[in-house]
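Undergrad: Handing you a structure now.
The values are calculated or read from the model by the stated rules, or taken from the named source; none is laboratory data. From a predicted model like this one, the values you see are computed outputs, not experimental measurements. A quick note on method: Cβ atoms are made from the backbone with ideal geometry, for glycine too, and the neighbour counts reach across all protein chains shown. Each accessible area value is taken on the protein alone, full model and side chains, heavy atoms only, with ligands, DNA and RNA left out. Shrake-Rupley method; radii C 1.70, N 1.55, O 1.52, S 1.80 Å.
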Amino acid sequence: MSYIPGISINAYESSVVEGNSITLTATTNSNSPISWTSSHQGIAIVDSNGVVSGIKAGSAVITASVTENGVTISDTCTVYVTIENGVYYVKNNNSSKYLQAEDYGLDDMNMILQNNKLSTSTGEQVKLSQMWKIYYIGSGYYTIRPMSKLSMAWDYSPLELMLYEKTDTDTLSNTDEYTRWRIENSSGYTIKNASCENVLQIEN
């Protein structure tokens, strides 16, 4: 009969803002030291004490393991590295233009276009149509709403990006997959829709 140790991390998933850190805790009945590793060190790194530092937006699997009597037992936690909740401009790196709500985002089913950055002289309502409230709702997903009308939200419609009335609270359970977005940092940020994992791309 051989003794097999056990190990458990205090969370199955967690999140940390880029540039910040969180501490994961692992409990074990083994006398062996706990070893911590990250599946994507370019996204998140972890030290010998379970302190996870967010490098750039994306996700990494953090593993805690112990080895005893030649047997290794481990547990994992998915850590989502996020951008901060806030109001952003979204600029396409290829065209250097900014995403803007059609007709200032006031009507249901408005499209999202690209345009030169608007100045303050264009008026507050027009300026707000290029400003986006990005809010993290959990499990690696965000909602994105135009500051010109916060009851609207980005919604994936086949082959195009639209604005729809979405008055529900910004929580994971209240947000359908067409309105959930992933944001990942890889030589600039990419934005993916949850329903199909397609990446947001400027037409033509």
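Undergrad: Pull up the range 77-125, narrow it to residues that are aromatic (Phe, Trp, Tyr) and closer than 30 Å to residue 24 by Cβ, then point me to the one that is surrounded by the fewest Cβ atoms within 10 Å (Cβ to Cβ).
TA: For the range 77-125, the residue satisfying everything is 88.
Undergrad: So, one more: Among what's in the range 116-148 and is of a type outside the set (Ser, Thr, Tyr) and part of a loop (DSSP other than H, G, I, E, B), pick the residue that is modelled with the lowest pLDDT.
TA: In the first step, residues of the range 116-148 are kept if they are of a type outside the set (Ser, Thr, Tyr); the result is 116-118, 123-128, 130-134, 137-138, 140, 144-147.
Narrowing the set further to residues that are part of a loop (DSSP other than H, G, I, E, B) leaves 116-118, 123, 130-131, 140, 147.
Working: 116: 92, 117: 89, 118: 83, 123: 72, 130: 93, 131: 94, 140: 97, 147: 93.
Residue satisfying both the conditions and the ranking: 123.
Undergrad: Inside the range 49-98, can you point out the residues that are outside any loop (DSSP other than H, G, I, E, B), small (Gly, Ala, Ser) and in contact (Cβ under 8 Å) with a residue 40 or more places away in the chain? Full working, then the answer.
TA: Taking the range 49-98 and keeping what is outside any loop (DSSP other than H, G, I, E, B), we get 51-54, 58-68, 71-82, 86-88, 91, 98.
In the following step, the residues that additionally are small (Gly, Ala, Ser) were identified as 53-54, 58-60, 64-65, 74, 86.
Passing the criteria: 58, 59, 64, 65, 74, 86.
Undergrad: Evaluate the following for residue 70: is it under 30 Å from residue 35 (Cα atoms) and either modelled with pLDDT under 95 or of a type in the set (D, E, K, R) (or both)? Walk me through how you get there before you give the answer.
TA: On the way: under 30 Å from residue 35 (Cα atoms): yes; either modelled with pLDDT under 95 or of a type in the set (D, E, K, R) (or both): yes.
The answer is yes for residue 70.
Undergrad: What's the total number of residues in the range 17-37 that are assigned to a loop (DSSP other than H, G, I, E, B) and surrounded by 14 or more Cβ atoms within 10 Å (Cβ to Cβ)? Don't jump to the end; show me each part of the working.
TA: Just the residues of the range 17-37 that are assigned to a loop (DSSP other than H, G, I, E, B), to begin with: 18-20, 24-25, 29-34.
Now restrict to residues that are surrounded by 14 or more Cβ atoms within 10 Å (Cβ to Cβ): 18, 24, 30, 32, 34.
Looking only at that region, the number is 5.
Undergrad: Oh, and also: Which of the numbered conditions does residue 113 fail, given that it passes all the others? Conditions: (1) farther than 18 Å from residue 179 by Cα; (2) not in a loop (DSSP other than H, G, I, E, B).
TA: It fails just one condition, (1).
Undergrad: Can you tell me how many residues within the range 126-157 are of a type in the set (Lys, Arg), closer than 19 Å to residue 171 by Cβ and open to solvent by 30 Å² or more (accessible area, probe 1.4 Å)? Working first, answer last.
TA: In the first step, residues of the range 126-157 are kept if they are of a type in the set (Lys, Arg); the result is 127, 133, 145, 149.
When the remaining residues are screened for being closer than 19 Å to residue 171 by Cβ, the result is 133, 145.
Right, trim to open to solvent by 30 Å² or more (accessible area, probe 1.4 Å) and you get 133.
Residues in the range 126-157 being of a type in the set (Lys, Arg), closer than 19 Å to residue 171 by Cβ and open to solvent by 30 Å² or more (accessible area, probe 1.4 Å): 1 in total.
Undergrad: Name the single residue that is nearest to the chain's Cα centre (by Cα) among those in the range 149-167 being at pLDDT 90 or above and among the small types (Gly, Ala, Ser).
TA: Result: 153.
Undergrad: Need pairs with beta-carbon distance below 6 Å; first residue in contact (Cβ under 8 Å) with a residue 12 or more places away in the chain and among the basic types (Lys, Arg) and within the range 148-169, second assigned to a loop (DSSP other than H, G, I, E, B) and open to solvent by 20 Å² or more (accessible area, probe 1.4 Å); sequence gap 6+ or separate chains.
TA: From the range 148-169, the pairs are 149/106.
Undergrad: Go over the candidates 195, 187, 173 one by one and state the one that is open to solvent by 30 Å² or more (accessible area, probe 1.4 Å) and closer than 23 Å to residue 55 by Cα. It would help to see each step written out before you state the result.
TA: Numbers: 195 fails: closer than 23 Å to residue 55 by Cα; 173 fails: closer than 23 Å to residue 55 by Cα.
Within the list 195, 187, 173, the selection yields 187.
Undergrad: Still on this structure, I have one more. Any residue in the range 152-159 that is acidic (Asp, Glu) and in contact with a helix residue (DSSP H, G or I) (Cβ under 9 Å, 6 or more places away or on another chain)?
TA: Taking the range 152-159 as the starting set, the residues that turn out to be acidic (Asp, Glu) are 155.
Then drop every residue that is not in contact with a helix residue (DSSP H, G or I) (Cβ under 9 Å, 6 or more places away or on another chain), which leaves 155.
Yes, the conditions are met somewhere in the range 152-159.
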